[in-house]
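Colleague: Structure incoming, see below.
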Amino acid sequence: MRPADFWKPTHPDFIRYPYDAYREIRKTGNIFKANTGDYVVMDYQNCKRILQDPSFETGLRYTWTEKMATELARKNDSFDHVKEAVAGMLVQINPPEQQQIRSTFAKSWPSIHELKETSEQVVNQVIDELPTNFDAISQICRKIPLQVISRLIGLPVKEVEDYAMDGINLVQILSPYLTYRDIKSISDSTSRLQTFFRQSILSDDYAPTRLTEKIIADYREKEMINLLLFVFIAGYETTSSLLALCLHNLISNKDDVANIKKYGAKPFINEMLRLHSPVQITGRVNTESVELDGQFIPKNSSLTVCLGAANVDPAHFEKPEEFVWNRTKREHLSFGYGMHFCLGNQLAEIEVEILIEKLLPILDRIKIVNEPVLRDQFTIKSYQSFDLAFT
């Protein structure tokens, strides 16, 4: 079989456990041309190089949505608001505009103390209000990041919860593997979110935070709405995935609890991120022809950078598929690398660490009723449900 035959990013078995496929593909190399025409890059060093080198440009999804908007216009359908939302996603913007936006965020981003204080308030409230039986995804893993990011941008928490699934849908636009049905659902969600954000932020009683005040001052209305929409979804779905992964391991593996008490939560979170990156793949275009590990890639090719595979590259990590508590190499690529390194990495780790601290004393009272159920989506690992109960 060819390497491309093992690459099945839309198959439920591959989504659930891609490591077997990664091992088979690596037998013939780490870079191959997929059946969809894109070049998939799986090794750590080349993934890191691509993420760091500005000659590999981002923006694949924006280019795609532009084409889709033109195509749907011929069918009397509209995709323009999705195109606008993707245009506001920092991960789809190249320098120098990307650097200007990051500078705006950096100048007004909350301090670590503020992030911890907000996260502690939310986590304490969420855990204290849990019923005896509950779905951990909706009641913990989505609720915590949703409430935290809502407070950071000054949106009404109760109203925001009505748009939780719309936020999840919009993030899926980053996937290169979508059906027309997916696109229609994303389009509807985007329209609802943009309307909600516009009405909330432009209302007379809106009280901007330091972050939103800076964005409102620096950008025109349409750009401002879509940038804040990006902050909302970036601080929500991927963190929700990380919370679910960590929560499942804490409850099902007593050794993890003992080691957290011994080593602290940070090594645990780091290994969970490495082994189960919430963002599995991202895209780039090479502006010049390039050779990677003997594979010639023509100019303007689509590259799929497989972060999940890079994080278990045996050439870079010892015992790559094992959870190693005292691992010395901790430079996983789950938050990206270089100019597009995730701005919200600290916030995600803070939320998980605080949740762990809150749950440790009561973990022995929590049992798993139903194992976590993954959504059939590979680009961003996402969960549908995870039923728990207090005993």
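The values are calculated or read from the model by the stated rules, or taken from the named source; none is laboratory data. Quantities reported herein were computed from a predicted structural model and do not represent experimental measurements. Quick reminder, even Gly has a Cβ in these numbers, built from the backbone with ideal geometry, and neighbours come from all protein chains shown. We work out accessible area using only protein heavy atoms, side chains counted, and drop any ligands, DNA or RNA first. Shrake-Rupley method; radii C 1.70, N 1.55, O 1.52, S 1.80 Å.
Colleague: I'd like to verify a number: residues in the stretch 160-183 that are in contact with a helix residue (DSSP H, G or I) (Cβ under 9 Å, 6 or more places away or on another chain), in a loop (DSSP other than H, G, I, E, B) and of a type in the set (S, T, N, Q), how many?
Modeller: Start the filter on the stretch 160-183 by keeping residues that are in contact with a helix residue (DSSP H, G or I) (Cβ under 9 Å, 6 or more places away or on another chain), which leaves 160-176, 178, 182-183.
Imposing the further condition that a residue be in a loop (DSSP other than H, G, I, E, B) reduces the set to 175-176, 178.
Cutting the leftovers down to of a type in the set (S, T, N, Q) gives us 175.
Of the residues in that region, 1 qualify.
Colleague: Of Ile144, Ile101, which residue is in a helix (DSSP H, G or I), β-branched (Val, Ile, Thr) and either at pLDDT 95 or above or under 16 Å from Leu355 (Cα atoms) (or both)? Explain how you work it out, then say what you get.
Modeller: On the way: Ile101 fails: either at pLDDT 95 or above or under 16 Å from Leu355 (Cα atoms) (or both).
That would be Ile144, the only listed residue that is in a helix (DSSP H, G or I), β-branched (Val, Ile, Thr) and either at pLDDT 95 or above or under 16 Å from Leu355 (Cα atoms) (or both).
Colleague: What about Lys367, is it in contact with a strand residue (DSSP E or B) (Cβ under 6 Å, 6 or more places away or on another chain), basic (Lys, Arg) and either open to solvent by 70 Å² or more (accessible area, probe 1.4 Å) or not in a loop (DSSP other than H, G, I, E, B) (or both)? Spell out the reasoning first.
Modeller: Working: in contact with a strand residue (DSSP E or B) (Cβ under 6 Å, 6 or more places away or on another chain): yes; basic (Lys, Arg): yes; either open to solvent by 70 Å² or more (accessible area, probe 1.4 Å) or not in a loop (DSSP other than H, G, I, E, B) (or both): yes.
Yes, satisfied.
Colleague: Filter the stretch 152-170 down to the residues that are closer than 12 Å to Glu237 by Cβ and either among the basic types (Lys, Arg) or open to solvent by less than 10 Å² (accessible area, probe 1.4 Å) (or both), then identify the one that is nearest to the chain's Cα centre (by Cα).
Modeller: Here is the first cut: in the stretch 152-170, the ones closer than 12 Å to Glu237 by Cβ are 164-170.
Cutting the leftovers down to either among the basic types (Lys, Arg) or open to solvent by less than 10 Å² (accessible area, probe 1.4 Å) (or both) gives us 167-168, 170.
Working: Gly167: 12, Ile168: 10, Leu170: 12 Å.
The extreme case among them is Ile168.
Colleague: Let me ask another. Step by step: first the residues of the stretch 1-30, then only those that are β-branched (Val, Ile, Thr) and open to solvent by less than 20 Å² (accessible area, probe 1.4 Å), then the one that is farthest from Leu374 (Cα to Cα). Which residue is that? Write out each step before concluding.
Modeller: Start the filter on the stretch 1-30 by keeping residues that are β-branched (Val, Ile, Thr), which leaves 10, 15, 25, 28.
Within this subset, residues satisfying the condition of being open to solvent by less than 20 Å² (accessible area, probe 1.4 Å) are 15, 25.
On the way: Ile15: 8, Ile25: 24 Å.
By that ranking, first place goes to Ile25.
Colleague: Oh, and also: Out of all the residues in the stretch 282-297, which are assigned to a loop (DSSP other than H, G, I, E, B) and at pLDDT 90 or above? So that I can check it myself, show each step before the final result.
Modeller: Step one: filter the stretch 282-297 for residues assigned to a loop (DSSP other than H, G, I, E, B), giving 287-289, 293-294.
Selection gives Thr287, Glu288, Ser289.
Colleague: Condition first: under 18 Å from Thr118 (Cβ atoms) and either buried (at least 20 other Cβ atoms within 10 Å of the Cβ) or within 19 Å of the chain's Cα centre (by Cα) (or both). Now tell me which residues in the stretch 132-151 satisfy that. Walk me through it before giving the result.
Modeller: The first filter runs over the stretch 132-151 and keeps only residues under 18 Å from Thr118 (Cβ atoms), leaving 140-151.
Correct list: Ile140, Cys141, Arg142, Lys143, Ile144, Pro145, Leu146, Gln147, Val148, Ile149, Ser150.
Colleague: Considering only residues of the stretch 299-352 that are assigned to a loop (DSSP other than H, G, I, E, B) and of a type in the set (Asp, Glu), which is modelled with the lowest pLDDT? Show your work before the answer.
Modeller: Applying the first criterion (assigned to a loop (DSSP other than H, G, I, E, B)) to the stretch 299-352 yields 299-301, 311-337, 341-344.
Those still in the list that are of a type in the set (Asp, Glu) too: 313, 318, 321-322, 331.
Details: Asp313: 96, Glu318: 91, Glu321: 93, Glu322: 92, Glu331: 87.
Selected residue: Glu331.
Colleague: Thr391 fails exactly one of the following numbered conditions: (1) among the hydroxyl-bearing types (Ser, Thr, Tyr); (2) surrounded by 20 or more Cβ atoms within 10 Å (Cβ to Cβ); (3) touching a Lys or Arg at 6+ places or on another chain (Cβ under 8 Å). What is the number of that condition?
Modeller: (2)
Colleague: Scan the stretch 105-127 and give yes if some residue there is within 18 Å of Tyr219 (Cβ to Cβ), of a type in the set (Gly, Ala, Ser) and not in a loop (DSSP other than H, G, I, E, B), otherwise no. Before you say what the answer is, go through the steps one by one.
Modeller: Filtering the stretch 105-127 for residues within 18 Å of Tyr219 (Cβ to Cβ) gives 105-109.
Then keep just the ones that are of a type in the set (Gly, Ala, Ser); that gives 106, 108.
In the following step, the residues that additionally are not in a loop (DSSP other than H, G, I, E, B) were identified as 106, 108.
Yes, the stretch 105-127 contains a residue that is within 18 Å of Tyr219 (Cβ to Cβ), of a type in the set (Gly, Ala, Ser) and not in a loop (DSSP other than H, G, I, E, B).
Colleague: Which numbered condition in (1) without any contact (Cβ under 8 Å) to a residue 40 or more places away in the chain; (2) more than 20 Å from Asn270 (Cβ to Cβ); (3) open to solvent by less than 30 Å² (accessible area, probe 1.4 Å) is the only one that Phe378 fails?
Modeller: With (1) without any contact (Cβ under 8 Å) to a residue 40 or more places away in the chain; (2) more than 20 Å from Asn270 (Cβ to Cβ); (3) open to solvent by less than 30 Å² (accessible area, probe 1.4 Å) applied to Phe378, the lone miss is (1).
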